[in-house]
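The values are calculated or read from the model by the stated rules, or taken from the named source; none is laboratory data. Just so it is clear, the structure is predicted and the values come from calculations on it, not from any experiment. Because the Cβ atoms are built from the backbone with ideal geometry, glycine has one as well, and the counts that use them run over all protein chains shown. Surface accessibility is based on the protein's heavy atoms, side chains included, excluding ligands, DNA and RNA. Shrake-Rupley method; radii C 1.70, N 1.55, O 1.52, S 1.80 Å.
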Amino acid sequence: MATPTTTPATMRAVQYDACGGGAAGLKHVEVPVPSAKKNEVLLKLQAATINPVDWKIQKGDLRPLLPRRLPFIPVTDVAGVVVDVGPGVKGLTAGDQVVAMLNSFNGGGLAEYAVASANLTVKRPAEVSAAEGAGLPIAAGTALQALRSIGAKFDGTGKPLNVLVTAASGGVGLYVVQLAKLANLHVTATCGARNMDLVKSLGADEVMDYRTPEGASLQSPSGRKYDGVVHCTVGVSWSSFQPLLSDAGRVIDITPNFSAILTSALHRMTFSKKRLVPLLLSPNKADLEFLVGLLKEGKLKTVVDSKFPLSEADKAWQSSIDGHATGKIVVEMES
């Protein structure tokens, strides 16, 4: 158990007081360090990564669900060191290096300290840097669950499926490509021209520039039908995917809008074999441990687009909003 003198009374954090405002709406504040309650751990943060959902919450896209209260310290995906443990916590002690996903309702990642549920905190081996680990929870977790939704297996028992990954050079897409190859899938990917070599180097079998007619058509250059599509961008309708799918092909939409949810409901009601499936991440410790293990073994990489100190969190925020990052945007907590 950490002694009270190890943790200061206050910490630097970045928060917003109202919805809207983008990067300019972020404020640097000094606030009390939170304390770990039952089944929680207090972390001294080393790195956090920004996901599009973070600024969408600020924009108001998830109201009335999130943000639950204002002011709000955003970001959930973090890595750090345990400095205190609350009652009931087993398997984690002060000094452990960890990766965690913070509670979406409470946020807290853009700060020097944060409280995490022990159920979503896993040990981080020395081979995995804080920045690499902090990239995992939402982005790699979504990639893993999307691939499982189309039938991918990671124990060698899966079928050789054909999968299309859209926006393959984004935060989620780069993990999808790598995990799909670990599951022995044939991967067709779309991305911008400048990232085609990177996506190919991570295992994609076919890579298309989405700005070309071939890329915009989404058709496999080798004429394959897709057993699954992991759709990591917006602006492509179900009617564009439907003719490209195999008989029981599925499109896993990781950013579903209202229209996608209606289409999905219709497919379920009519027992359609080809389906659009909206995916909402279901965070769990087992997936996070599996992903950290892959990083440790060198079977998975976190591609880092850029790193910013906490004092420049607004620049990191704007970079995510701009939408051109290749991989993950990391905020590092200076000591």
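Observations
- Of residues in the range 222-234 being among the hydrophobic types (A, V, I, L, M, F, W, C) and crowded, with 19+ Cβ neighbours inside 10 Å, the one nearest to the chain's Cα centre (by Cα): Cys232
- Filtering the range 22-35 for residues that are under 18 Å from the mean Cα position of the chain (by Cα) and not polar (S, T, N, Q) leaves an empty set.
- Of all residues in the range 126-160 being farther than 18 Å from Val176 by Cβ and assigned to a loop (DSSP other than H, G, I, E, B), the one that is least open to solvent (accessible area, probe 1.4 Å): Val128
- Any hit, the range 57-71, residues being more than 21 Å from the chain's Cα centre (by Cα), over 22 Å from Ala325 (Cβ atoms) and buried (at least 23 other Cβ atoms within 10 Å of the Cβ): no
- Among (1) more than 28 Å from Gly170 (Cα to Cα); (2) modelled with pLDDT of 95 or more - the single one Arg69 does not satisfy: (2)
- Members of the range 271-290 found to be open to solvent by 60 Å² or more (accessible area, probe 1.4 Å), part of a helix (DSSP H, G or I) and in contact (Cβ under 8 Å) with a residue 40 or more places away in the chain, listed by number: Lys285, Glu289, Phe290
- Verdict on Val165 being under 27 Å from Thr255 (Cβ atoms), open to solvent by less than 10 Å² (accessible area, probe 1.4 Å) and within 14 Å of the chain's Cα centre (by Cα): no
- Enumeration of residues in the range 235-253 that are in contact with a helix residue (DSSP H, G or I) (Cβ under 6 Å, 6 or more places away or on another chain) and either open to solvent by 30 Å² or more (accessible area, probe 1.4 Å) or basic (Lys, Arg) (or both): Trp238
- In the range 1-44, the qualifying residues are those that are open to solvent by less than 70 Å² (accessible area, probe 1.4 Å), over 14 Å from Gly109 (Cβ atoms) and β-branched (Val, Ile, Thr), and the one that is modelled with the lowest pLDDT is Thr7.
- Per-region count, the range 305-335, residues within 19 Å of Gly133 (Cβ to Cβ), under 16 Å from the mean Cα position of the chain (by Cα) and either assigned to a helix (DSSP H, G or I) or not polar (S, T, N, Q) (or both): 9
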